[in-house]
Amino acid sequence: MPAKDKALDDLFVDTLRDIYYAERKIVKALPKMQRAAQSEKLAAAFEHHREETETHIERLQKVFELVGKAPRGKTCEAIEGIIAEGEEIMEEFKGSAALDAGLISAAQAVEHYEIARYGTLHRWATELDMKDAAKLLSETLKEESATDEKLTKLAESTVNAEAL
Ligand SMILES: [Fe+2]
């Protein structure tokens, strides 16, 4: 299809495929981060978010259904890079008191990417008058934002104090 015939609904599906790919990468990365975490609270936060991420994947499958498309991911270089950086931190800071601070920073980079994507998808779903999709996307957006805030609190309390 020539680019000029592409419309916002095509962009919506493309972006849906991008975040679907990303979520499935994240659900695999979180158990590694959980095992690496030194603080029990941080490990528990990763475990909790892994469970939420499974729900995020299910919600995306519902959105695909609503737009009449089969759920399919599209390679997202951005999340590959963010996750690779997280793995680098896990290797380079293994055994260091700063490891948890590094894990939190990696996890927040993931959350911020997701918040950007879900924020956009939610806005587009609203513009395209897809109320059910918009509702599902906003539920996930809220959970990603709550996770981000929780990580900030963890960083401010125990973790950074131990690293210093
Ligand atoms: Fe998510």
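The values are calculated or read from the model by the stated rules, or taken from the named source; none is laboratory data. These numbers come from a predicted model, not from an experiment. Ideal geometry is used to build each Cβ from the backbone, glycine not excepted, and the neighbour counts take in all protein chains shown. What goes into the accessible areas is simple: the full protein's heavy atoms, side chains included, and nothing from ligands, DNA or RNA. Shrake-Rupley method; radii C 1.70, N 1.55, O 1.52, S 1.80 Å.
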Residues of region 121-134 that turn out to be within 16 Å of the ligand (Cβ to nearest atom) and open to solvent by 20 Å² or more (accessible area, probe 1.4 Å), as a count = 1
Which ones in region 37-91 are among the hydrophobic types (A, V, I, L, M, F, W, C) and loosely packed, with under 13 Cβ neighbours inside 10 Å?
-> 70, 84
Taking the residues in region 56-73 that are among the β-branched types (Val, Ile, Thr) and within 21 Å of the chain's Cα centre (by Cα) as candidates, determine which candidate is nearest to residue 137 (Cα to Cα).
-> 63
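Residue by residue, here is whether (1) closer than 18 Å to residue 117 by Cα; (2) within 14 Å of the ligand (Cβ to nearest atom) holds:
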| position | (1), (2) |
| --- | --- |
| 39 | no, no |
| 46 | no, yes |
| 49 | yes, yes |
| 54 | yes, yes |
| 66 | no, no |
| 72 | yes, no |
| 94 | no, no |
If we keep just the residues of region 56-79 that are assigned to a loop (DSSP other than H, G, I, E, B) and in contact with an Asp or Glu (Cβ under 9 Å, 6 or more places away or on another chain), which is farthest from residue 122 (Cα to Cα)?
-> 75
Looking at residue 32, is it more than 12 Å from the ligand (Cβ to nearest atom), in contact (Cβ under 8 Å) with a residue 40 or more places away in the chain, open to solvent by 20 Å² or more (accessible area, probe 1.4 Å) and in a helix (DSSP H, G or I)?
-> yes
Search region 38-55 for residues that are more than 18 Å from residue 99 (Cβ to Cβ) and modelled with pLDDT of 95 or more and pair each with any residue that is of a type outside the set (A, V, I, L, M, F, W, C) and more than 10 Å from the ligand (Cβ to nearest atom) when their beta-carbon atoms are under 8 Å apart and the residues are at least 6 apart or on different chains.
-> 50/31; 50/34
Looking at region 135-152, which of the residues that are closer than 15 Å to residue 106 by Cα and of a type outside the set (Ser, Thr, Tyr) is nearest to the ligand (Cβ to nearest atom)?
-> 144
Are any residues in region 80-95 of a type outside the set (Val, Ile, Thr), assigned to a helix (DSSP H, G or I) and touching a residue at least 40 places away in the same chain (Cβ under 8 Å), and if so, which ones?
-> 80, 86, 87, 90
Would you say residue 12 is aromatic (Phe, Trp, Tyr) and more than 24 Å from residue 96 (Cα to Cα)?
-> yes
Examine region 8-15 for a residue that is within 16 Å of the ligand (Cβ to nearest atom), within 13 Å of the chain's Cα centre (by Cα) and open to solvent by less than 80 Å² (accessible area, probe 1.4 Å), and state whether such a residue exists.
-> no
